[in-house]
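Peer 1: Quick one: this structure, given as structure tokens, is what I'll be asking you about.
The values are calculated or read from the model by the stated rules, or taken from the named source; none is laboratory data. If you're wondering where the values come from, they're calculated on a predicted model, not measured in any experiment. Glycine gets a Cβ as well: all are built from the backbone with ideal geometry, and neighbour counts include every protein chain shown. Note: accessible area is taken over every heavy atom of the protein model, side chains too, but ligands, DNA and RNA are not part of it. Shrake-Rupley method; radii C 1.70, N 1.55, O 1.52, S 1.80 Å.
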Amino acid sequence: MIALILASGCREAEPPTPPTPPKPTLAKALTFYAFAEDMPQSVLDAFAAEFGVAVDYQPFQSPEEAQASIVSGKEYDLVLIEHQLFPTLLEQRLLAAINFQHIPNFKNISVNFRDLAMDPGNRFSIPASYGTTGLIVRTDLVGTGLSRWADLWNPRYAGKIGLRAQPREIIGMTLRSLGYAFASENPEELEAALKRLLELKPAATMLAIEADNAVRLLLDGKIAILHGYAEDYQEAHERNPAVAYVLPQECTALWGESYAIPANSRRQYTAEVFLNFLLRPEITAQIIKEKKYAQPNDAALALIDPELRDNAVVFPANQDIKNGVLIQPLSPQGQSLYTDVWARFMAAHH
């Protein structure tokens, strides 16, 4: 009987086609959380002009600060954070799955930078900048003898050193100068690193992350050695050719950043439209030109001046990457140890 009814074409009217869901609308504003100076203002202005969305740029000074802020529940619509933060944030379900239907420009991301161990399948992240950590040196003031992180303890450099307040890099490189692993969680080795850092503290000036102030101190001769990155070097070298970029022989700390959308964002669609904008070849190229940091956007590379594209400080050479150490997440116990060491270091008086 059922077969006869089906064959006869006698059937009830088909249910109405469900209405097409309305296209999401853009919010009028977007909160973007990233390292201070990480995104050129010209890019934020261009997005606002084209889409009518004001970008509220909220800066942080270190990965540790960023993680604490996100974990505390502060609301951001888009974050640009270092890779070592992802496992903890994913474990605590603090990041939203990205709707890549809204980000067709993801196709521009280099295959080599997709599917990273910290986020298999790129469900929650889009690769952004990467680079090395080095020492930017005024060779006209201190010569060319500095080649190791351990050289900073040489009395001849006392008072001439500028260190960024970046715990993982500073503690890690100090551990390496003692012959220990960059990410050692051995309490005795970390105590030895603290002791060594306390010996260095009177010889060094602690600096914020912003390039402008740090580079100005270097160019003014108030410091002659700056713990820093490609942007610092490029900015300083353009104004003083005697500025050199030294990758310490013990190793360089390799850092990487990715974009992510916090789970508590109420403007996820707008954040995805912004991400798609940032991945346009001409926009990524603009970021690279202004910030002097490598980005894994294959389509943008063709728009970069060869002199910048072939600059091994900006786009690290394979050998430098091989000799580097990725900044990986610590265990919860290890993180507590590092937090304690850093707090004691910062609290110590000269």
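Peer 1: How about the range 186-217: which of its residues are farther than 17 Å from Ala36 by Cα and open to solvent by less than 40 Å² (accessible area, probe 1.4 Å)?
Peer 2: Within the range 186-217, Leu190, Ala192, Ala193, Leu194, Leu197, Leu200, Lys201, Ala203, Ala204, Leu217 meet the criteria.
Peer 1: Among the residues of the range 131-174, which ones are of a type in the set (Val, Ile, Thr) and either part of a helix (DSSP H, G or I) or free of Cβ contacts under 8 Å to residues at least 60 places away in the same chain (or both)? It would help to see each step written out before you state the result.
Peer 2: Residues of the range 131-174 that are of a type in the set (Val, Ile, Thr), as a first pass: 132-133, 136-137, 139, 142, 144, 161, 170-171, 174.
Hits for the range 131-174 are Thr139, Val142, Ile170, Ile171, Thr174.
Peer 1: Of a type in the set (Asp, Glu), in contact (Cβ under 8 Å) with a residue 40 or more places away in the chain, open to solvent by 40 Å² or more (accessible area, probe 1.4 Å) and within 29 Å of Lys292 (Cβ to Cβ): does that describe Asp220?
Peer 2: No: the conditions fail for Asp220.
Peer 1: Next up: Check off (1) more than 22 Å from Thr31 (Cα to Cα); (2) open to solvent by 40 Å² or more (accessible area, probe 1.4 Å); (3) assigned to a loop (DSSP other than H, G, I, E, B); (4) not hydroxyl-bearing (Ser, Thr, Tyr) for Val314 and give me the number that stays unchecked.
Peer 2: The failed condition is (2).
Peer 1: Does the range 251-294 hold any residues that are in a loop (DSSP other than H, G, I, E, B) and open to solvent by less than 30 Å² (accessible area, probe 1.4 Å), and which are they?
Peer 2: Hits for the range 251-294 are Cys251, Ile261, Ser265, Leu279, Tyr293.
Peer 1: Of everything in the range 169-180 that's surrounded by 24 or more Cβ atoms within 10 Å (Cβ to Cβ) and either among the β-branched types (Val, Ile, Thr) or modelled with pLDDT under 95 (or both), which residue is farthest from the chain's Cα centre (by Cα)?
Peer 2: Looking at the filtered set, the residue picked out is Thr174.
Peer 1: Quick one: count up the residues across the range 135-168 that are surrounded by fewer than 23 Cβ atoms within 10 Å (Cβ to Cβ) and in contact with a Phe, Trp or Tyr (Cβ under 8 Å, 6 or more places away or on another chain).
Peer 2: Final tally of qualifying residues: 4.
Peer 1: Determine whether Ala299 is of a type outside the set (Ser, Thr, Tyr) and more than 22 Å from the chain's Cα centre (by Cα).
Peer 2: For Ala299, the condition - of a type outside the set (Ser, Thr, Tyr) and more than 22 Å from the chain's Cα centre (by Cα) - is not met.
Peer 1: Does Glu50 meet the test of being among the acidic types (Asp, Glu), more than 15 Å from the chain's Cα centre (by Cα) and either within 18 Å of Asn264 (Cα to Cα) or not in a helix (DSSP H, G or I) (or both)?
Peer 2: Numbers: among the acidic types (Asp, Glu): yes; more than 15 Å from the chain's Cα centre (by Cα): yes; either within 18 Å of Asn264 (Cα to Cα) or not in a helix (DSSP H, G or I) (or both): no.
Judged against the criteria, Glu50 is not a match.
Peer 1: Separate question: With respect to Ala183, determine if the residue is among the small types (Gly, Ala, Ser), surrounded by 22 or more Cβ atoms within 10 Å (Cβ to Cβ) and modelled with pLDDT of 95 or more.
Peer 2: Taking the combined requirement at face value, the residue does not satisfy it.
Peer 1: Pairs under 9 Å by beta carbon, first residue without any contact (Cβ under 8 Å) to a residue 60 or more places away in the chain in the range 71-90, partner of a type in the set (A, V, I, L, M, F, W, C), six or more apart or different chains?
Peer 2: Close Cβ pairs satisfying both conditions: Val71/Leu89; Val71/Leu94; Leu90/Met118; Leu90/Phe124.
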